[in-house]
1. Mind listing just one residue for me: the one in region 32-57 that is in a helix (DSSP H, G or I) and free of Cβ contacts under 8 Å to residues at least 12 places away in the same chain and, of those, farthest from Asn103 (Cα to Cα)?
2. Just give me the residues in region 282-299 being farther than 22 Å from Ala230 by Cβ and either modelled with pLDDT under 90 or polar (S, T, N, Q) (or both), in sequence order.
3. Restricting region 171-196 to residues that are part of a loop (DSSP other than H, G, I, E, B) and among the hydroxyl-bearing types (Ser, Thr, Tyr), which is modelled with the highest pLDDT?
4. Looking for whichever is modelled with pLDDT under 80 and more than 30 Å from Thr161 (Cβ to Cβ) here; the options are Ala77, Ala49, Ala34, Ala57. Which one fits?
5. Considering Ser165, Ser94, which residue is of a type in the set (Ser, Thr, Tyr) and not in a loop (DSSP other than H, G, I, E, B)?
6. If you scan region 97-132, which residues turn out to be of a type outside the set (A, V, I, L, M) and open to solvent by 20 Å² or more (accessible area, probe 1.4 Å)?
Amino acid sequence: MTTGILLHQRFGHSRRGQMAISALCGLSLLALAAGLVLSWRDSLPDPVATHWSSGGAPDGFMSLGAFVAVLAGTAAACIALFSAIGVHWGRAESTRRLSAALNVWIGGFVGTILAGGLWAQRGLADATEARIPGWLIAVATLGPAVLAVVAAMLVPGDSHTPATSPVDADAARADLAPDERAAWIGQAGTTRSAMVLEIGIALLTAALAVMTQLWVMLVVPALLVLLFLAMLSFTVRVDHTGLTVRSALGWPRTRIPADEVLVASATRVSPLRDYGGWGWRVALNGSGRTGVVLREGEALQVDRTAGRGFVVTIDGAAEAAALLNTMAERARSDAPARSDGTPGTPGTP
């Protein structure tokens, strides 16, 4: 079955199946590029240019076989890593979708770099004369990104799994009358130092594009700015429907229904120690918990059904947790009971 067909079929419902298919797609793109460049062996210089200086002149060389082996091996190792993350920590759909997208993207990116860099050397007797195409990095980044988005969209979302046990009796509750309604809204933002770092990275990549006169490379800082804006600020809302966390750009976002909340609480997080960095992250402790981690300190932690925990760094986490526990409790009481006496899903017998 070809990569194109695989990308247009829905992935299996198991984490292993989803990661296996996305890994196969990425490896297929990589193998296609490797086979293509090896077929050019007779028209390529020996050794081939493998690295270029900022001035555009080759400053690294390697035999064709070694170059293909190094790039393919590195990409395959990355795909194995992303697949392992999706299998072992992919309880939440966001983790599985990101892992699947990265599997496809890395295969396409490395394959395009491999094929594009060697295509420019066909017919040359000496690799020192090779010049890398200015459009190569942009095409290698954006082209596979389209396939990666398709791969992410094909990964099934989380199934609705209402809780069958009551909210922990010791968990904090909001002081509301039985018929009183309420909502809590907060803003989760990144720190000033993180903003300075992000702006510096974008300016640095833009400066490199200008200095090397590879104008097409300006797409990289543009994408970085878009990514930084997406992670700059999140709106956190708790109401009768549950928890909603949404970026200022509208994506990424997550929603946890009230009837899936086991318990909510306030906690403290360290981005590097607990999540390996800042942004939309996965916990390093193997729990599979995802989170919006924008700074160190106070955070709202939600334990939900199917082991899909979530955390968001925000001030006033204790108040938000108390209201969410209250809404989760109400969701259970509003759900019709099943024949076995356990809570049902609202609207179902």
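1. The selected residue is Asp42.
2. Of everything in region 282-299, those that are farther than 22 Å from Ala230 by Cβ and either modelled with pLDDT under 90 or polar (S, T, N, Q) (or both) turn out to be Leu284, Asn285, Gly286, Ser287, Gly288.
3. Thr190
4. Ala57
5. Ser94
6. Hits for region 97-132 are Arg97, Trp105, Phe109, Thr112, Trp119, Arg122, Gly123, Asp126, Thr128, Glu129, Arg131.
The values are calculated or read from the model by the stated rules, or taken from the named source; none is laboratory data. Here the structure is a predicted model, which means the values were calculated and not measured. Please note: Cβ atoms are built from the backbone with ideal geometry, for glycine as well, and neighbour counts cover all protein chains shown. Accessible surface is based on the protein model in full, side chains and every heavy atom, while ligands, DNA and RNA are left aside. Shrake-Rupley method; radii C 1.70, N 1.55, O 1.52, S 1.80 Å.
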